[in-house]
Amino acid sequence: MAINKLAWKIGGKAGYGIMVTGLIFSKACSRGGFHVFDTVEYPSLVRGGHNNYHVRVEDEEIHSNIELIDILVAFNNETIDKHKSNITVGGAIIFDSNETKFENNEIRGDIKLYDIPLLKIAKGITEEKIIMNTITLGATIAIIDYDLNILDGVITDVFRKKGAEVVNKNILAAKKGYDYVKKNYNHDFKTKLRQISNNKEKNKKRMLITGNEAISLGAIKAGCKFYSAYPMTPASSILHYMAANEKNMNLVVKQTEDEIAAIHAAIGASFAGVRSMTATSGGGFSLMVEGLGLAAMTETPLVIVNAQRPGPSTGLATRTEQGDLKFVLNASQGEFPHIIITPGDVDECFYLTREAFNLAEKFQVQVIIMTDKHLAESHKTTEMFNVEYKINRGMLIEGKQLKKRPDGFKRFEFTDTGVSNRTIPGQKNGIFRVPSYEHDEFGWMSEDPEVRIKMVEKRNKKMVNILKEISWPNIYNIENGKIIKKEIKEINSEIDKLKTDITIISWGSTKGAVLEAMKFLKIDGVYADFLHFNYINPLKTELLLKILKSAKKTIIVEQNMTLQFASIIKEKTGLDIDHSFSKYNGRQMYPHEIYDKIKEVLNN
Amino acid sequence: MGKQKSSKKDLKPEDFNTGKKPVWCSGCGNFGILMAIRQAFADLGLNKEEIVIISGIGCSDKYHQYIDTYGFESIHGRILPVAMGIKLANHNLKLIAIGGDGDGYGIGMGHFVHAMRRNINITYIVCNNQIYGLTTGQASPTSDKGLITKSTPFGNLEEPVNPISLAIVSGATYVARGFAGDVNHLKKLIIAGIKHNGFSLVDVFQPCVTFNHVNTYDWFNKKVYKLENNKDKHDTKNKDAALKKAMENKKLPIGVFYKKKKITYEEEVEQIKKKPLIKQDISNIRINKLMNEFI
C-alpha cells in the first residue's frame, strides 16, 4: 500500500465545474500538510470540450506533475478513453454508470470501479446537477481514507460568497459521497492519505498558488500601483487577481482596448512616477513591441510579463510552450538594453517579479518576465513568501534634490553607468521632455552624429552593470534523495568540479520536471547537475563557457522545437550542447520523458 | 503641484517658449496653434511644472519641444493611451495631448474612441491639415474625396472621417473646432477645453501650405463661421443640434459644438480619491493578508 502519494484527476465537459472542484481537492490536500502540484487542461471554449484537472499529492515537496493517475473521476466516456491508459496498477475510476456507460472489458481488470449514482444523490440534495462534483470529492476522501472535515473547511471557504445554503448543500453532498463509498465498497484501495502527524510539518501553513498569482503578489509587494492589460490566455488571471484586489490594495487596474494601449498606458504611468506593469501572451506581446521600443528610447522603467502559449498566431490558446524566447530577446527595432527574467516555479515568480521592479527603476530599462501556461496556471504548494524587501528606485530625484539650472534638467545626462537622474512631472526644477526621437542630454531632439553615438552607447552600456547585478544561474543536485540548490556567487574552482554523468541545462518552467527526473535518475545511480537560468538577458556567458568546457556530457531541455536557448548559448559561447530534449505538442513536460531521454543518451 | 502659486499669473505666453526654433514650413498652420496654446496657458495662469504635453508623430510631434512644460513624445497613434496612464498615475497634472489627423483619426482611431467614452480629463488638440505632411504628402483620414495626393494620384476614393460627429457620439464631453488662422478664437476654445472637467477635443483646421493646395487659408476663410455668432444660437447642450452642425459641409462651423457635465473616469476610481497614485507610500506594502487567502 502506498501512503501519502496520490495522483488524482477529474475530467468532464467545460462549464461543469471541473476547475473549481479540482482546486477544492488540491486545497484540501494542501491544508492537511501535503505538498501539491496541480495542472489544469482545457480547450479554448466556454462550454463542452474536455476539461481535466490533475492533482498530485505527496508528503514531501514536489515540483512537477506526472502523467500517471491513481484515481480518475470521470463525468463522461471521453475522460475515460483519454486517460485510462495512464491509470496505475490497482488504480480507480469514480463514475456514474447511469451517465457514463462502458463495457467492463474496455477497462483493465486491475482497475477498481467505484460506480456511484451521482445524479441520483445530487437530485436528493438540489436541482443543480453541478453538485455531483462535490459528491465525487466526498467519495475520493472515503477511498483514500482522508479527513472529511478538512474538505468541509475548504468547501466553506470556496462557496462562502454564494451563501450558507450553497455551503451546506455542498457539505451534505460530500458527506453523501463519502458515506456511499464507505457503505458499498471495502476499504482496500492501494493508496491512503494520512494526515501529516509530524507536528512541525502539520502546523506549517503553506500556500497553494499559481505562477500568475505569485507574479501578482510580487508586483503588489514591489509597489506596482498601475496595471494595464488586455485579456489573453494564459496571462488573464494576473488581470483578474490585480482587479479583484485593486480597492483593498489601492491599485489602479485598467483593462484597455488592446495590448498597444495597455503597454502605452503603463509607460505613461511609469513616466509619471508610478511603478507599473502589463502582462500578455505572445500574440499580445507582438502588439506591444512598438511600446517596448518607446520605453527603451525614453528610458522609462517597465515590467512586462509574457505568459507564453504555442504560436504562431492564435496557435494553441490554452496550451503551453516556450517558443517566444528569441522573439522577445530581439523584439523591437534598434539596439537597446533590456532584461529577460525566466522564473522556474512559483517562488521564483514572486521573488523575481519583485526584483524586476527594482532592476527596471535602477537601470531605467524594461524587464520582461517570461513564463508559460504551465507555470502561469498550475498550482504548487509553497512556504509563505518572505516579505523582507527593500525598494530601490535608483536615480529618481524629487523636490529639493532638484537644483535650478539655467539650461534645464539633464534627464539623459551622460554618466559612467549610462543611467541618469530621473524625475517626474510636477517638480518645479525638473522640467524636461522625452522624445521617442533621438535626443541630447536635455531631451532636445537631435540628429547630430556625435550625440547619436554617445546616446546609443549610453543606453547600451547599462548592460555591463546589469550583468553584475543579476543573480547567477542556480546549480541543482540530488543528495540523499533531496534537491540541493547551490547558489553561485562567483566563478570559482567549484565550477570545475562538475564531473557528474551529465549536466542538464534549462530555463523557465521546465525546472520542475527536470528536478523530478533527477530524483528518478539518482535512484538508478545516475549523477546529474542541473544548471537552471533565471536570467537569459544579459546572460552569464563566462560561467556557461566554463561549465560547457568542463562538463562530461551536456543536454538542453526546452519546450520548443528549434532549441532557442541552445542557439543563444551557441551564439554567445561558440559551443554546442551535446544533446537535447524538446517538446512542442502544447502539453507540459513530464519528468519521465526527461528521464527516458537522459537514460537513452547515457546508454548510447 | 497645482497649489504652488509662486510664479502664478506672472507667466506670459513667451515664458512658455523653450527658445527652440520651430522647424515647420513658413506659414504652417502649426504656428497659429502653437501661439494659441502658449497664450491659453498664460491666460489660465498655469505653472509650467503642472502641465504635460503629450505628442505623437507627424509635424505636430514637435510641440513638446517648443512649449516649456513637461513633455512626452509618444509614437504614432499612441498619444492617448500614454496620456491616460499619466493621468491615472497623477491626476493633479494638466494634460494636453497634441497630434495630427493621421495620428488621431487614422492609426490612433481606436484609442481616440475609447479615450472619449472613458471621459478622462485630458485636452486633445488635433492639428487637422487633412494630409500627411511629414511623410511628404499622402492622403489622410480627413482628406476630402477626390483629393489628389502622392498616394492617391488619381484622386482619393474614400470619404473623410468626421471627427466632430464621431466625438459627439463617442462620449466626448467637450467637442470644439478651431481654425489655425484665428488664433484668438482658438485660444478661447483651448482655454475652455482645459477648464472643462472631462475629455475635451479641439479639432483644428490647420492649412498645410506645402502639401495641401486645396484646403488653404483662403479656402477656410471663405468657409468658416463661428457657431457662437450665428443667428440661430447654437445650443451646446443639445446633442442633436450639435450633430447637425457637425455634418455641415458647405459652410464650416467653428466653435463649441457640444458640451456636457459628467463625472470623469478618474473621479470614479475610489483608490485615488484621497491622493493620486504617485503620492501613495510603497515602502512597506503588507501582503500577509493576501498570502493567507492562498492557504
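A short reminder: the numbers here are calculations on the coordinates, not readings from a lab. For clarity, every value in this text was computed on a predicted model and none was experimentally measured. Here Cβ is always computed from backbone atoms with ideal geometry, including for glycine, and neighbour counts include all displayed protein chains.
Odds and ends about this structure:
- Residue by residue along A:388-395, Cβ atoms of other protein chains within 10 Å of the local Cβ number 1 on average.
- Shown for A:160, B:118: other C-beta atoms within 10 Å of each C-beta, ranked fewest to most, produce the order A:160, B:118.
- Rg over Rh [alpha-carbon atoms, Kirkwood Rh] for the protein assembly as shown: 1.04
- Ordered by the number of other Cβ atoms lying within 10 Å of each residue's own Cβ, fewest first, A:378, A:97, B:74, A:582 fall into the sequence A:97, A:582, A:378, B:74.
- For chain A, the share of DSSP beta bridges that are antiparallel, to the nearest 5, is 40%.
- Antiparallel %, DSSP beta bridges [both residues in region A:474-603], to 5: 40 percent
- 10 Å Cβ neighbours from other chains, averaged over peptide A:274-284: 2
- Whole-number Å³ per residue for the convex hull built on Cα positions in region A:168-261: 212 Å³
- Relative contact order %, region A:178-275, counting alpha carbon pairs below 8 Å whose residues are six or more apart: 26 percent
- Region B:156-205 shape via C-alpha gyration tensor axes, a/c threshold 1.5: oblate
- The value obtained for region A:2-198, namely the Cα convex hull volume divided by the number of residues, is 117 Å³ per residue.
- Global geometry of region A:210-383, whether rounded, prolate or oblate, following the gyration tensor of its Cα atoms and the 1.5 cut on a/c: rounded
- By the Cα gyration tensor, region A:402-526 has an equivalent ellipsoid whose semi-axes, rounded to whole angstrom, run 50, 15, 13 from largest to smallest.
- Charge sum, other residues only, whose C-beta stays under 11 Å from residue A:411's C-beta, Lys/Arg counted +1 and Asp/Glu -1: -1
- Relative contact order [Cα under 8 Å, 6+ residues apart], chain A, whole percent: 12 percent
- Rg and Dmax over the alpha-carbon atoms of region A:33-78 stand at 12.7, 36 Å.
- Cα centre as origin, Lys/Arg/Asp/Glu Cβ charges: region B:155-295 dipole, Debye: 600 debye
- Counted over region A:210-383, the DSSP beta bridges are approximately 5% antiparallel.
- Mean Cα-pair separation over length for chain B, i.e. relative contact order, pairs under 8 Å, 6 or more apart, %: 17 percent
- Anisotropy class of region A:395-470 from Cα gyration tensor, a/c 1.5 cut: oblate
- B:68, A:179 arranged by Cβ crowding within 10 Å, fewest neighbours leading: A:179, B:68
- Residue-averaged 222 nm ellipticity for chain A, from DSSP H runs of 4+ at -39500 (n - 2.57), nearest 500: -11000 deg cm²/dmol
- Mean residue ellipticity (222 nm) of chain B, computed from DSSP H runs ≥ 4 via -39,500 (n - 2.57), nearest 500: -8000 deg cm²/dmol
- Taking only the C-alpha atoms of region B:1-160, Rg followed by Dmax gives 16.7, 58 Å.
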